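The values are calculated or read from the model by the stated rules, or taken from the named source; none is laboratory data. On a predicted model such as this, the values are computed, not experimentally measured, just so you know. Every residue, glycine as well, gets a Cβ built from its backbone with ideal geometry; the counts of neighbours run over all protein chains shown.
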Amino acid sequence: MTHRTRTLAVLAIVLGGAIGIVSSTQPWLQVTLAGGGHPVLPVPGASAVAVLAPLSLAALALGLALSIVGVALRYAFALLALAIGGALSIAAARIATQHPLDAVAATVTEATGLSGAAAIEDLVSTVAGTAWPWLALVGGALVVAGGVVTLVTARSWRTASGRYRATPAAESAGPAGPRPHDAVTHDAIESWDGLSRGDDPTA
């Protein structure tokens with residue numbers, strides 16, 4: 001059960017980070033400008049949320065390292081997962097529900113050369129959302145879930161090197177006693193030494 005819990009926690013954090021990385025390259029918003037002089041502008045996740053890709057990469061790396069660290073670092077990584085997952089979830093939820101103008105400003109400025117909140121507001125006619133912010137929200141929730149599971153169960157996880165450690169029974173058994181073939185080898189050496197000294201083996 002402990003091994004399964006650890007696996008689920010690691011997979012949740014890794015999967016959440018992977019979803020965030022993939023979604024950062026996909027269109028989160030579709031912008032239509034006033035006047036129709038430009039085609040619909042897609043706004044990728046990395047442009048809508050500048051920290052999306054770095055936080056997702058951090059979650060992915062954290063999840064991959066989680067299963068090989070000691071107890072103290074498990075708790076530290078669990079807290080980091082909660083912070084990263086929470087930040088991803090809040091940012092994705094804001095884009096998915098509000099379609100804020102500041103999320104499309106960089107894309108509009110790149111397409112038109114105009115900047116400033118007032119200019120962007122005058123240029124933008126409509127902002128439509130896609131499914132990707134919602135998927136990123138799911139990814140953030142997975143990272144949070146993995147962090148919670150780790151925080152609750154971290155102490156009961158086995159370390160990666162545990163399987164190679166000697167068991168208490170083996171350690172308390174002490175050194176093994178002489179084996180039968182050791183006595184046979186010892187007798188053969190004594191017989192050879194006797195022949196070297198000129199002793200009669202049949203005597």
message: Looking for something over 29 Å from the mean Cα position of the chain (by Cα), in a helix (DSSP H, G or I), of a type outside the set (A, V, I, L, M) and surrounded by 15 or more Cβ atoms within 10 Å (Cβ to Cβ) - is there at least one such residue anywhere in region 115-129?
response: no
Selection within region 17-46 - small (Gly, Ala, Ser) and at pLDDT 95 or above: Gly17, Ala18, Gly20, Ser23, Ser24, Gly45, Ala46
- line: Note: among Ala53, Ala78, just one is within 30 Å of Val144 (Cβ to Cβ), free of Cβ contacts under 8 Å to residues at least 40 places away in the same chain, surrounded by 14 or more Cβ atoms within 10 Å (Cβ to Cβ) and not basic (Lys, Arg), namely Ala53
task: Kindly establish whether Ala141 is within 22 Å of Ala53 (Cα to Cα), assigned to a helix (DSSP H, G or I) and either among the aliphatic types (A, V, I, L, M) or at pLDDT below 90 (or both).
output: yes
- request: Take Ile95 and decide whether it is in contact (Cβ under 8 Å) with a residue 12 or more places away in the chain, closer than 16 Å to Leu142 by Cβ and in contact with a Gly (Cβ under 9 Å, 6 or more places away or on another chain).
  value: no
